[in-house]
Amino acid sequence: MEILSPEQLEQYFRDGFLVMEGFVDEASCDVLRTRAEELVSEFDPAGLVSIFSTHEQSRVTDDYFLTSADKIRFFFEEDAFNPDGTLIHAKERSINKIGHALHDLDPIFNRFSRDKKIQRLIEDIRIPDPRLIQSMYIFKQPSIGGEVTCHQDSTFLYTEPTDIAGLWFALEDATIENGCLWALPGGHRRGLKSRWRRNGRGGMHFEIFDASPWPENELVPLEVAKGSLVLLHGLIPHRSLANKSPRSRHAYTLHVINGSSHYPEDNWLQLSTSMPSRGF
């Protein structure tokens, strides 16, 4: 059974993204939120601080991040700390995201991620041999939820040929005030601007193909209600602004690639041989 109508499919390939209201029921959203809260509660950050930032991705990235492809790990907000390194807020209010293998290692996230409805959706957008390559639980914390700068997912999860989709599930209402997604309609047809590659010395660097800036004034806000799905083409430019509001903006994301495409060894996300990418 097809999930997307012909009109929705046409819109996705035309715009590079598609908003699907009510894709997930509210109870399923709450199950994921509860499980994420349990994982954070069990996480002991003593002696370990890894901060997620899209402003410093050309720096030497810490091993905790670079070896997280097949693990469940926790990353703090950039503005979560006092000058002396102590947390400003409680741990539960300071985590930026959990990544990057929830879909494989946690039973609740695994069951959600491999739901038949999601599988049929991926079949509709014609990704052959689909493999779940990455998952993230994103908190977008009140007041300190960090900005995610304009980017393309294929910059970070590069395949040859390009064949990747991002699925962004709103677990709470996402508005301009609390940091909803913004996307550039048709921007996926402009080509890939850069790749984030391992440099062979333990760090990362950007390989630039097109240094011209994104026309960010042309991005449109994707305000969506809890339970909505935003489907993103791998080449679509998108961003989210900082959350300065008193309300969080929880979301769960999945990235699916064509397992038949070439996945280079210098991509940042590398699975171990003991846990290769799997389909549905």
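Just so you know, all these numbers are worked out from the coordinates, no wet-lab data involved. Not measured: the values here are computed from a predicted model. Here the Cβ is made from the backbone with ideal geometry for all residues, glycine too, and neighbour counts use every protein chain on show.
Packing here is the average count of other Cβ atoms within 10 Å per residue, and on that basis the peptides 195-202, 64-71, highest first, run 64-71, 195-202.
On the beta carbon distance between Glu42 and Ala211, with R0 = 35 Å, the FRET formula returns roughly 0.20. Summing Lys and Arg as +1 and Asp and Glu as -1 over all other residues whose Cβ lies under 13 Å from the Cβ of Arg198 gives a net charge of -1. The overall shape of the chain, judged from the alpha-carbon gyration tensor, is rounded, with an a/c ratio under 1.5. With a threshold of 26 Å on the Cα-Cα distance, the over-threshold entries among Lys116/Lys244; Lys71/Lys116; Lys117/Lys244; Lys116/Lys226; Lys193/Lys226 are Lys116/Lys244; Lys117/Lys244; Lys193/Lys226.
Among the GluC sites (Glu not before Pro) in the stretch 76-157, none sits in a DSSP loop with a Cβ that has at most 12 other Cβ atoms within 10 Å. Arg120: net charge of surrounding residues, Cβ under 15 Å, Lys/Arg +1, Asp/Glu -1, itself excluded? With Lys, Arg at +1 and Asp, Glu at -1, the neighbours total 0. Exposure proxy shown here: for Met275, Met1, the number of other Cβ atoms within 10 Å sets the order, fewest to most, as Met1, Met275. Each helix, a run of at least 4 DSSP H residues, gives -39500 (n - 2.57); summed and divided by the residues of the chain, these come to -5000 deg cm²/dmol at 222 nm. Other residues with beta-carbon under 11 Å from the beta-carbon of Asn178 carry, at +1 per Lys or Arg and -1 per Asp or Glu, a net charge of 0.
Find how many whole Å separate the alpha carbon centroid of the stretch 217-256 from the alpha carbon centroid of the stretch 108-157. The stretch 108-157 and the stretch 217-256 have Cα centres spaced 11 Å from each other. A protection proxy built from the mean count of other Cβ atoms within 10 Å ranks the segments 27-34, 102-109, 2-9, most packed first, as 102-109, 27-34, 2-9. Neighbour counts of C-beta atoms inside 10 Å place Arg131, Arg114 in the sequence Arg114, Arg131, starting with the fewest.
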